[in-house]
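Accompanying notes for the structure given below.
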Amino acid sequence: MNMKKTILSGLLFLGLFATQAQAQQEPAPGTDVTGTTEYVFNPHWYVQVQPLGLQYTLGEVDFGDLLSYNVQLGAGYQFSSIFGARLSVNAWQSKAGIDNASFRLAGDQNFKGKWSWKYVAPSLDLTCNLSNLAFGFNPNRLFNLSAFLGIGANIGFSNDDAAKVKQSYAAFCGLNGPDTDENMDYLWDGTKVRLTGRAGLQGDFRINDKISAGIEVNANLLSDRYNSKKAGNADWYFNALAGVKVNLGETYSTRFIPAPAPVIKYVEKIVEKEVPAPVEKEPVIEPIRRDIFFLINKYDIRQSEAQKVKDIADYMQKYPNSKVTVTGYADAGTGNDRINDRLAAQRADAVVKALKEKYGISASRISYDSKGARVQPFAENDMNRVSICIAE
């Protein structure tokens with residue numbers, strides 16, 4: 001029962017931190033008047049030192065009697081913002097025990113014995129960054145939750161204490177009841193190498209671009225012979241570890257995407273002179289175009305883009321007969337048609353609302369449309385989160 005409470009408490013602890021990490025996730029880098037800055041993931045190596053470890057080996061004696069310290073060292077390579085691989089070495093000792101109360105020996109005599117042995121367990125793990133998988137790559141995120149699955153070997157040695165316990169248990173059984181010392185028929189000595197499978201979760205708290213502090217929990221599965229006891233089922237041990245991870249090299253870079261230059265339509269007016277009298281030429285009013293860019297999954301006009309809306313309003317106040325067309329778009333690289341249609345319409349509506357309510361432009365002089373992601377005015381995907389305004 002104590003083991004179940006401990007596992008449930010650990011899972012709840014990690015769940016709370018995962019929720020907090022979502023709330024602290026920063027938005028994608030913003031754009032300004034001249035373009036957009038993005039984070040680009042760089043593959044990199046890292047080393048991991050976890051000197052604070054505690055192991056519980058599943059068994060039948062008291063929970064506290066099966067706890068022991070352990071440590072872990074690791075080195076890994078992050079192939080992408082989501083997937084990586086790690087070679088780790090976990091070591092120190094495991095514990096086991098025997099309690100024969102369930103055998104009901106004569107005279108209600110009970111035997112309890114405990115022993116420990118040393119081990120070194122190298123493992124190759126495949127890692128998955130769950131935070132980046134769910135919310136996208138963000139090198140400034142405070143907390144990242146990852147999962148891993150691995151396979152390795154457990155090299156056990158120094159199992160002399162188990163042999164002493166078996167001798168004492170055999171003598172006890174001979175005096176008090178039937179011969180039940182076969183419960184330790186899998187007693188081993190020397191050095192034994194056993195295949196190990198394991199899985200776990202790890203959480204990293206960002207300190208800076210190079211260093212993060214982390215916690216890890218993992219479960220390890222071995223054959224029934226690991227703890228010297230014959231139980232008819234696999235043996236397990238569970239580790240909880242704390243330490244630091246150091247990234248080697250640059251983990252990300254930035255990329256600047258310039259905004260496109262405004263496209264201006266030129267109108268050529270031809271005046272035919274039919275009479276010799278001088279004819280005044282009407283001034284040619286050039287149209288104005290402004291592209292108002294938005295963040296991913298957003299439709300509010302940011303302060304850096306507000307001047308572009310004012311440029312359109314100033315133009316229409318200067319030329320009372322001018323009209324404006326506002327067309328909203330969404331990028332085809334994210335979302336689906338239903339989401340993108342809604343975002344494109346909301347982006348167009350945001351500009352129209354600003355022209356009418358903030359600058360007093362009459363609705364009769366404004367026409368608007370939205371194209372969703374079905375039309376992409378720019379070759380760069382992220383630049384299609386835009387409302388294009390043309391006044392003439």
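The values are calculated or read from the model by the stated rules, or taken from the named source; none is laboratory data. This is a predicted model, so every value here is computed, not measured. Backbone-built Cβ (ideal geometry, glycine too); neighbour counts: all protein chains shown.
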Of the residues that sit in region 210-259 and are in contact with a Ser or Thr (Cβ under 6 Å, 6 or more places away or on another chain) and not aromatic (Phe, Trp, Tyr), which one is nearest to Arg194 (Cα to Cα)?
-> Leu222
Sort out which residues of region 281-313 are assigned to a loop (DSSP other than H, G, I, E, B) and crowded, with 20+ Cβ neighbours inside 10 Å, and write them in order of number.
-> Phe294, Tyr299, Ile301
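So, in region 225-249, of the ones that are surrounded by 12 or more Cβ atoms within 10 Å (Cβ to Cβ) and in a loop (DSSP other than H, G, I, E, B), which residue ends up modelled with the lowest pLDDT? Can you show your working first?
As a first pass, look at region 225-249 and keep what is surrounded by 12 or more Cβ atoms within 10 Å (Cβ to Cβ): 225-231, 234-248.
Applying the additional criterion that residues be in a loop (DSSP other than H, G, I, E, B) yields 225-231, 234.
Numbers: Arg225: 90, Tyr226: 94, Asn227: 90, Ser228: 89, Lys229: 87, Lys230: 86, Ala231: 83, Ala234: 92.
So, considering only residues that are surrounded by 12 or more Cβ atoms within 10 Å (Cβ to Cβ) and in a loop (DSSP other than H, G, I, E, B), the one modelled with the lowest pLDDT is Ala231.
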Taking interchain pairs and intrachain pairs at least six residues apart, which have beta carbon atoms under 6 angstrom, with the first residue in region 368-381 and closer than 9 Å to Ala344 by Cβ and the second of a type in the set (Phe, Trp, Tyr)?
-> Lys371/Tyr329
Over region 112-160, the set of residues of a type in the set (Ser, Thr, Tyr) and within 33 Å of the chain's Cα centre (by Cα) is Tyr119, Ser123, Thr127, Ser131, Ser146
Residue pairs within 9 Å by beta carbon, gap of at least six or interchain, first lying in region 59-73 and without any contact (Cβ under 8 Å) to a residue 60 or more places away in the chain and among the charged types (D, E, K, R), second part of a loop (DSSP other than H, G, I, E, B) and surrounded by fewer than 17 Cβ atoms within 10 Å (Cβ to Cβ), listed first then second, are Glu60/Ala231
Residue that is surrounded by the fewest Cβ atoms within 10 Å (Cβ to Cβ), among those in region 314-329 that are within 30 Å of Asp382 (Cα to Cα) and polar (S, T, N, Q) = Thr325
Given Ala306, Ala354, Ala277, Ala350, which one is modelled with pLDDT under 90, more than 17 Å from Pro377 (Cα to Cα) and either of a type in the set (A, V, I, L, M) or over 41 Å from the mean Cα position of the chain (by Cα) (or both)?
-> Ala277
For Ala171, indicate whether it is outside any loop (DSSP other than H, G, I, E, B) and either at pLDDT 95 or above or among the aromatic types (Phe, Trp, Tyr) (or both).
-> no
